[in-house]
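Chemist: Got a structure here, written out as structure tokens. Questions coming.
The values are calculated or read from the model by the stated rules, or taken from the named source; none is laboratory data. Just so it is clear, the model here is predicted, and its values are computed rather than measured. Here Cβ is always computed from backbone atoms with ideal geometry, including for glycine, and neighbour counts include all displayed protein chains. Note: areas computed on protein heavy atoms with side chains; ligands, DNA, RNA excluded. Shrake-Rupley method; radii C 1.70, N 1.55, O 1.52, S 1.80 Å.
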Amino acid sequence: MASAERGMSAPPEVVFNTAVDPNRMSAWLPEPLWAGGRPATEIRPAELTAHWQAVGDWTAQIRVDPADAGGAWIRLDLTGGTADRLVDEALADLAQAVEDNLQAG
């Protein structure tokens, strides 16, 4: 399993809703986890956590926590294939998707 954490200057709910939006998953999740528009297999909005399970050994779990000044702190656990190489890239891509979401709305 590979893990990464980072802060974002967006409200936790915006980060979480962007992460679990089926229309935005392909922007940040590794392809095996979103192929075919597959939604998260478990979403817990009250805890701001979600889990994805793909065929094979790919899994992802995200947790979003409040951070200082109204921002968010995100932890991503990723397993499968080249997870070690992709976990930091996936969080960077999620940050971009959150920024795009904020600019669009």
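Chemist: For Cα extents along the principal axes in Å, the listed values are (1) 37, 27, 25; (2) 39, 24, 24; (3) 48, 35, 23; which was obtained by calculation from the structure presented?
Modeler: (2)
Chemist: With a 1.4 Å probe and every protein chain left in place, work out the accessible area per residue of the chain in Å², rounded to a whole number.
Modeler: Numbers: 5530 Å² over 105 residues.
Ligands and nucleic acids excluded, the result is 53 Å² per residue.
Chemist: Which one of LEU91, LEU48, ALA35 has its Cα pushed farthest toward the positive end of the charge dipole of the chain, where Lys and Arg give +1 and Asp and Glu give -1 at the Cβ?
Modeler: Projecting each Cα onto the dipole axis, the largest value belongs to ALA35.
Chemist: Right, here's the next one. With labels modelled as points extended 7 Å from the Cα through the Cβ direction, what inter-label distance (nm, one decimal) is found for ASP21 paired with VAL55?
Modeler: Each label point lies 7 Å from its Cα, and together they span 2.8 nm.
Chemist: For the chain, which whole percent of the accessible surface, found with a 1.4 angstrom probe, sits on carbon and sulfur atoms?
Modeler: Carbon and sulfur: 48 percent of the exposed surface of the chain.
Chemist: If you don't mind, there's one more thing I want to ask. For region 57-76 and region 31-52, compute the distance between their C-alpha centroids and round to whole Å.
Modeler: 13
Chemist: While we're looking at this one, here's another question. Pairs of Cα atoms under 8 Å, at least six residues apart: use those to get the relative contact order of the chain, whole percent.
Modeler: 37
Chemist: Grab the Cα-Cα distance for VAL14 and ARG75, subtract it from 0.36 nm times how many residues apart they are, and report the gain in nm with one decimal.
Modeler: Working it through step by step, the gained length comes to 20.5 nm.
Chemist: So for the pair ASP88, THR41, with labels modelled 7 Å out along Cα→Cβ, what separation do we get in nm?
Modeler: 2.8
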